[in-house]
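Before any comments, here is the structure.
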Amino acid sequence: MKILVTGGAGFIGSNFIRYIFNTYQDYSIVNLDKLTYAGNLENLKEIEEQDSSCKKRYTFIKGDITDSKLVDSIIEKDVEAVINFAAESHVDRSIDNSRIFVETNVLGTQVLLDAALKHGLNRFIQISTDEVYGSLGPDGKFSETTPLSPNSPYSASKAGADLLTRSYFETFGLPALITRCSNNYGPYQFPEKLIPFFITNAMTDQQLPLYGDGQNVRDWIFVEDHCSAIDMVLHHGKPGTIYNIGGDCEKTNAEITKTILQELSKPESLITYVKDRPGHDRRYAIDCTKITRDLGWSRKYVFKTGIKETVKWYNENQSWWNKIKTGEYQDFYKRWYEDRNKQE
Ligand code: NAD
Ligand code: TYD
């Protein structure tokens, strides 16, 4: 099978490409990525370096998913499936400036859908998020029929893309599917998201800025388990269907932070409580009965193993994140945390 993976130089996309090459010896992948601040070709260095037969299986194209001419020219070359990971993915940045979120996440998805339709593709997978459902109270879980109620510009743009994807199935019969996964963690995650940000800050004895009271809950899944779920959806999912994917692992941000500090033998005095994120969703929890029952998917990792592996990876790959943390992305963070640290 020849797959177009978009956003393959990011966190989940790069883990997915590695997963596919390790699982299927005869699949080839075209990776279309704009290489924004979050895209990094180092994430796929060993794939690039593998033997020449593998090189024939892997092609990288630097480009934007909103570029319809480029997307069209890639898909017409025997691509059988599109998996759309490309996105602006960070809630805090969407609060700072939402325009690029609409451009990439909504318009980019529309461009991909049109090209997939034009060339009669038999699989289009939109990689979405549980954040489109909004926020939960203390009880209950998101199911695939929970009404969409996105609260951040990021989740609103992802919900827009989901609805467009759904409409291409209903209106044109495009065999499109949507996956909605909970919070991922693991190797190669850009150190702006909670877990890698706190691991790398703790390693360098910097403060860990917990938003609000630190009691917001997320459902954590190890990235490889997300990849295996997408693999199942690619091969066995029913067109027009939404599949929730989750880790069955609810933890408060304070719990996550303390676990990281324990793993690194660092003191809790590194924790600083800062002003809350505006519109901060209180709790996410995913009911993933459907993918488990209908496609036979199951997770391999429990949190205890996954977080140990993640901390070990950041320990062993300090040059990967040092380059990022000292680069230009610091400007956004300096401004953001100066604001968060201001007393109300
Ligand atoms: P990421 O920010 O690490 O990577 C995004 C990638 O997309 C980068 O390589 C970037 O260069 C590329 N990209 C951005 N704009 C582009 C454009 N216009 N054209 C081409 N490429 C572009 O994100 P991630 O955490 O790997 O998330 C991947 C997908 O999974 C996203 O769609 C996200 O909404 C979804 N998701 C993420 C999580 C999570 O916990 N990280 C959970 C559920 C769903
Ligand atoms: P994040 O990794 O940004 O993912 P998302 O907002 O998509 O769930 O944040 C996870 C949780 O951690 C969220 O409740 C916000 C919180 N958080 C902090 O408390 N401090 C931080 O510096 C960051 C980045 C996140």
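Every read-out reported here was derived from the displayed coordinates using simple, explicitly stated rules and does not represent laboratory data. Everything quoted here is computed from the prediction, not taken from an experiment. Every residue, glycine among them, receives a Cβ derived from its backbone with ideal geometry; neighbour counts consider all protein chains shown.
Look at the dipole of segment 191-244 built from charges on Cβ: of 226, 195, 240, the Cα furthest out on the positive end belongs to 240.
The angle between the Cα long axis of helix 108-118 and the main principal axis of the chain comes to about 20°, on a 0 to 90 degree scale. Taking every DSSP beta bridge that has both ends in the chain, the antiparallel portion is near 10%.
Compute the separation of the alpha-carbon centres of segment 162-207 and segment 233-269 and state it in Å as a whole number. Spelled out, the Cα-based centre of one part sits 11 Å from the other.
What's the magnitude of the charge dipole for the chain around its Cα centre, counting Lys and Arg as +1 and Asp and Glu as -1 at the beta-carbon? Answer in Debye, nearest 20.
180 debye
Enclosing the Cα atoms of segment 94-185 in their convex hull gives a volume equal to 111 cubic angstrom per residue.
Averaging over all projection directions, the Cα-based convex hull of the chain occupies 16.4 nm² in the image plane.
Extending 7 Å from Cα along the Cβ direction at residue 204 and again at residue 56 yields two label points whose distance is 4.4 nm. Counting beta carbons within 10 Å around each of 61, 291 and listing the fewest first gives the order 61, 291. Starting from 0 in steps of 10 Å, tell me what percent of the Cα-Cα pairs of segment 201-344 lands in each bin. Taking all Cα pairs of segment 201-344, the binned fractions are 10, 29, 34, 20, 6, 0 percent.
Near residue 60, the amide H atoms lying under 5 Å from its own belong to 31; only residues 5 or more places off or on other chains count, and H is placed 1.01 Å from N. Give me the angle, in degrees from 0 to 90, between the Cα long axis of helix 11-23 and the longest principal axis of the Cα atoms of the chain, rounded to the nearest 10. Computed tilt is about 50 degrees.
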